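A short write-up of the structure that comes next.
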Amino acid sequence: MFNKKTIRDVDVSGKKVLVREDLNVPLKAGEVGDDTRILAALPTINYLVEQNAAVIVISHLGRPGGERKEELSLKPVADYLATLLDNKVSFVPDCIGDEAQEAVQSLQAGEVLVLENTRFHPGEKTNDPQFSQELAALADLFVNDAFGTSHRSHASNVGVSNHLPTVAGFLIEKELEYLGNAIENPSRPFTAILGGAKVSGKISVIRNLIEKVDHILIGGGMANTFFASQGIKMGKSLVEEDVLSLADDLLQSAGDKLILPVDFVIGEQFANEAEKKIIEVGNVPADWMVMDIGPESLKLFKRIINKSKTIVWNGPMGVFEFPKFSSGTFELAKMIAESQAVSIIGGGDSAAAVKQAGLSASITHVSTGGGASLQMLEGSPLPGLEAIHDR
């Protein structure tokens, strides 16, 4: 149950509203390379504009390390946003100080002002009280709509909430509706699919999900470590030697809920042009490495996916950035899209794969936050969400 206040619970008409969005989008040659996060921010911004608020948008972009870096300016994002809105959109090259204050003072109801990258200031990542206060002084109300940063305790999502009435935007509400419900109240059978390179980053997720799911399908490099923990030779494949005993413990505690691949696509080097073979588990030659899950694994996974009522997927099945070794990830995306299940993609590489495959519209919900959705799957509190005021 979502018990946080949202923008529907407050009167925003005639007010200056500070909105934290996650506009951390890839830029290519100074232009927006992927607009997914900008489009996800539109429902909240449009609603506030329609309700006669003066909208002040803040976000970070990249990792400038607390100093101004022109290549990480939000100006191209503001320009792109202006093409999507009918209302006036302006930009200021700072998020605090005289210029920002003057722009906010002259901002009219129904207009949008985008402020510069909050991470140009070191106080953003340290959640500095002074920096938080300067941001908060710009507005009457704070709307946190940045799910992608909600696992961080920064000034622009947590610190500001100490100084202003704080409510959630529509994106955060939607993320919690799908991700929160999937974990706490799923339609069953409930299947989690985990991939990516390393087990170490997902140990807490697996432990939490073992209690809640009917199946956990494992792919990607992390499967190698599970096999190695059983004494199976994995050739030159990535194996995390320091978590072998933990991987073995997880296998024992999960029992038959945890399902590993039964075959692999292997390559003799880490490159798209590598020679490739399909082999059964246990037969990786000493000088080859696992690059993807094989066709028999996909058949096994498909049988489980087709019976599932809820599916959460986080992490690719192989080195999908190499076209030669991408079929495991893209075939899995297709299976999930074609299934009858409520399907939730936990951001990051999985979201990128679904978009690349042109399947986003066939997925129930694609999360905008990789790290945040992982922390949610772990069952850990997210500081940005905790900071939103309760109903």
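The values are calculated or read from the model by the stated rules, or taken from the named source; none is laboratory data. Here the structure is a predicted model, which is why all the values come from computation and not from measurement. Counting neighbours? That spans all protein chains shown, and the Cβs are built from the backbone with ideal geometry, glycine included. Heads up: the accessible areas ignore ligands, DNA and RNA and are worked out on the full protein's heavy atoms, side chains in. Shrake-Rupley method; radii C 1.70, N 1.55, O 1.52, S 1.80 Å.
Values for this structure:
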{"read-out": "Among residues of segment 1-37, those that are of a type in the set (A, V, I, L, M) and within 19 Å of A168 (Cβ to Cβ), counted", "value": "8"}
{"read-out": "Residue count for segment 183-198, restricted to those that are part of a loop (DSSP other than H, G, I, E, B) and either among the aromatic types (F, W, Y) or open to solvent by 30 Å² or more (accessible area, probe 1.4 Å) (or both)", "value": "6"}
{"read-out": "Selection count, segment 199-249, where residues are farther than 26 Å from G180 by Cα and in contact (Cβ under 8 Å) with a residue 60 or more places away in the chain", "value": "3"}
{"read-out": "Pair list, Cβ under 7 Å, 6 or more apart: segment 287-300 residue farther than 11 Å from E331 by Cβ, other residue of a type in the set (D, E)", "value": "D287/E268; W288/E268; E296/D263"}
{"read-out": "Breaking point among (1) modelled with pLDDT under 95; (2) open to solvent by 20 Å² or more (accessible area, probe 1.4 Å); (3) part of a helix (DSSP H, G or I); (4) of a type outside the set (D, E), for S350", "value": "(2)"}
{"read-out": "Neighbours by Cβ (under 9 Å, 6+ apart or cross-chain): first from segment 334-345, farther than 12 Å from S187 by Cα and in contact (Cβ under 8 Å) with a residue 12 or more places away in the chain; second surrounded by fewer than 19 Cβ atoms within 10 Å (Cβ to Cβ) and β-branched (V, I, T)", "value": "I344/T364; I345/T364"}
{"read-out": "Matching residues, segment 140-169, being crowded, with 24+ Cβ neighbours inside 10 Å, among the hydrophobic types (A, V, I, L, M, F, W, C) and over 20 Å from F120 (Cα atoms)", "value": "F142, V143, F147, V167, A168"}
{"read-out": "Tally, over segment 25-40, of residues that are among the aliphatic types (A, V, I, L, M) and assigned to a loop (DSSP other than H, G, I, E, B)", "value": "2"}
{"read-out": "From the options G180, G201, residue that is open to solvent by 30 Å² or more (accessible area, probe 1.4 Å), out of contact with any Pro (no Cβ under 9 Å at 6 or more places or on another chain) and assigned to a helix (DSSP H, G or I)", "value": "G201"}
{"read-out": "Any hit, segment 315-337, residues being open to solvent by less than 90 Å² (accessible area, probe 1.4 Å), under 26 Å from I232 (Cα atoms) and touching a Pro at 6+ places or on another chain (Cβ under 7 Å)", "value": "yes"}
{"read-out": "Entirely in segment 215-302, the strands (runs of 3 or more DSSP E) that have 2 or more residues that are within 16 Å of F325 (Cβ to Cβ) and among the β-branched types (V, I, T)", "value": "263-267, 276-280, 289-293"}
{"read-out": "Members of segment 82-137 that are in a helix (DSSP H, G or I), free of Cβ contacts under 8 Å to residues at least 60 places away in the same chain, surrounded by 15 or more Cβ atoms within 10 Å (Cβ to Cβ) and among the aliphatic types (A, V, I, L, M)", "value": "A82, A100, A103"}
{"read-out": "Residue within segment 63-72 that is in contact with a strand residue (DSSP E or B) (Cβ under 9 Å, 6 or more places away or on another chain), open to solvent by 50 Å² or more (accessible area, probe 1.4 Å), closer than 26 Å to F131 by Cα and without any contact (Cβ under 8 Å) to a residue 60 or more places away in the chain present", "value": "yes"}
{"read-out": "Per-region count, segment 15-24, residues in a loop (DSSP other than H, G, I, E, B) and either open to solvent by less than 60 Å² (accessible area, probe 1.4 Å) or free of Cβ contacts under 8 Å to residues at least 60 places away in the same chain (or both)", "value": "4"}
{"read-out": "Residue check for K212: assigned to a loop (DSSP other than H, G, I, E, B), among the basic types (K, R) and modelled with pLDDT under 95", "value": "yes"}
{"read-out": "Residue, nearest to G328 (Cα to Cα), within segment 260-286, restricted to residues that are modelled with pLDDT of 95 or more and among the polar types (S, T, N, Q)", "value": "N272"}
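Okay, residues lined up against (1) open to solvent by 20 Å² or more (accessible area, probe 1.4 Å); (2) among the small types (G, A, S):
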{"site": "R207", "(1), (2)": "yes, no"}
{"site": "I210", "(1), (2)": "no, no"}
{"site": "I218", "(1), (2)": "no, no"}
{"site": "T225", "(1), (2)": "no, no"}
{"site": "G235", "(1), (2)": "yes, yes"}
{"site": "A247", "(1), (2)": "no, yes"}
{"site": "L251", "(1), (2)": "yes, no"}
{"site": "P261", "(1), (2)": "no, no"}
